[in-house]
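**Q** Okay, handing you the structure first.
The values are calculated or read from the model by the stated rules, or taken from the named source; none is laboratory data. Bear in mind that the values here come from a model prediction, so they are computed numbers and not experimental data. Glycine gets a Cβ as well: all are built from the backbone with ideal geometry, and neighbour counts include every protein chain shown.
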Ligand SMILES: [Zn+2]
């Protein structure tokens, strides 16, 4: 996030922050140096990030929906590790990293009709089993009856799908390699038992 510091001689002590578009504006007393402001900026940026995540958009809500849709359309067979709102995905509606069992849903979906959000969750859940957008993938997704309607809606909104993120792109995950959610029979791994 971009940070802009706005100093004012009228301001005595308090440092405040507000988000304007994608910029974090720090309102500070004129006497404070950049260096003195650093701890305040960190604290305020953390607080705003937490607020964005927890108040505006509730990840628990996504988890409940995904759990319910998994039960209804996949017999509770798909295992996901986490499903969260994403504020960085603007054009794509969601992403899935099957090897980690992580799903991200664009925050834009929170302002769309429920059936569109549900379709996207089903779509990303289906990627846990089928990575590409082949026939078998769509036969999974089409269990959700409003799939075509939702796709039309998203197309009109200018949102494209993205492929599941390739494994190599996940260098930031550090210690979490060796995901415990790789249940046999759920994930089709290319290596291993086939000759
Ligand atoms: Zn997809």
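**Q** Could you list, in sequence order, the residues of the range 108-126 that are assigned to a helix (DSSP H, G or I) and away from the ligand (no atom under 13 Å from the Cβ)?
**A** The initial filter retains those residues of the range 108-126 that are assigned to a helix (DSSP H, G or I), namely 108-111, 114-126.
Of everything in the range 108-126, those that are assigned to a helix (DSSP H, G or I) and away from the ligand (no atom under 13 Å from the Cβ) turn out to be 108, 109, 110, 111, 114, 115, 116, 117, 118.
**Q** Does residue 178 satisfy the criteria of being modelled with pLDDT of 50 or more and either touching a strand residue (DSSP E or B) at 6+ places or on another chain (Cβ under 6 Å) or farther than 30 Å from residue 1 by Cα (or both)? Don't jump to the end; show me each part of the working.
**A** Numbers: modelled with pLDDT of 50 or more: no; either touching a strand residue (DSSP E or B) at 6+ places or on another chain (Cβ under 6 Å) or farther than 30 Å from residue 1 by Cα (or both): yes.
No; evaluated as a whole, the condition is false for this residue.
Residues are listed down the side, and each one gets a yes or a no for (1) surrounded by 10 or more Cβ atoms within 10 Å (Cβ to Cβ); (2) in the same structural domain as residue 107 (by TED's automatic domain parsing); (3) modelled with pLDDT under 80; (4) not in a loop (DSSP other than H, G, I, E, B):
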position	(1), (2), (3), (4)
7	yes, no, no, yes
11	yes, no, no, no
14	no, no, no, no
27	yes, no, no, yes
32	yes, no, no, no
36	yes, no, no, yes
42	yes, no, no, yes
48	yes, no, yes, yes
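**Q** Still on this structure, I have one more. Out of all the residues in the range 108-125, which are in contact (Cβ under 8 Å) with a residue 40 or more places away in the chain and surrounded by 18 or more Cβ atoms within 10 Å (Cβ to Cβ)? Write out each step before concluding.
**A** So the first thing to find is which residues in the range 108-125 are in contact (Cβ under 8 Å) with a residue 40 or more places away in the chain, and the list is 108, 110, 112-113, 117-118, 121-122, 124-125.
Scanning the range 108-125 gives 108, 112, 117, 118, 121, 122, 124, 125.
**Q** Identify all residues within the range 127-157 that are under 20 Å from residue 112 (Cβ atoms) and either in contact (Cβ under 8 Å) with a residue 24 or more places away in the chain or within 12 Å of the ligand (Cβ to nearest atom) (or both); write none if there are none.
**A** Residues satisfying the conditions are 127, 141, 144, 146, 147, 149, 150, 151, 153, 154, 157.
**Q** Another one. In this structure, does residue 80 turn out to be within 15 Å of the ligand (Cβ to nearest atom), in contact with a helix residue (DSSP H, G or I) (Cβ under 8 Å, 6 or more places away or on another chain) and in a loop (DSSP other than H, G, I, E, B)? Working first, answer last.
**A** Working: within 15 Å of the ligand (Cβ to nearest atom): yes; in contact with a helix residue (DSSP H, G or I) (Cβ under 8 Å, 6 or more places away or on another chain): yes; in a loop (DSSP other than H, G, I, E, B): yes.
It is true that residue 80 is within 15 Å of the ligand (Cβ to nearest atom), in contact with a helix residue (DSSP H, G or I) (Cβ under 8 Å, 6 or more places away or on another chain) and in a loop (DSSP other than H, G, I, E, B).
**Q** Consider only pairs whose beta carbons are under 7 Å apart and that are at least six residues apart or on different chains; among these, list those whose first residue lies in the range 52-69 and is not assigned by TED's automatic domain parsing to the domain that holds residue 19 and whose second residue is at pLDDT 95 or above and part of a helix (DSSP H, G or I).
**A** Within 7 Å, the pairs are 65/118; 65/121; 66/121; 66/125; 69/118; 69/121; 69/122; 69/125.
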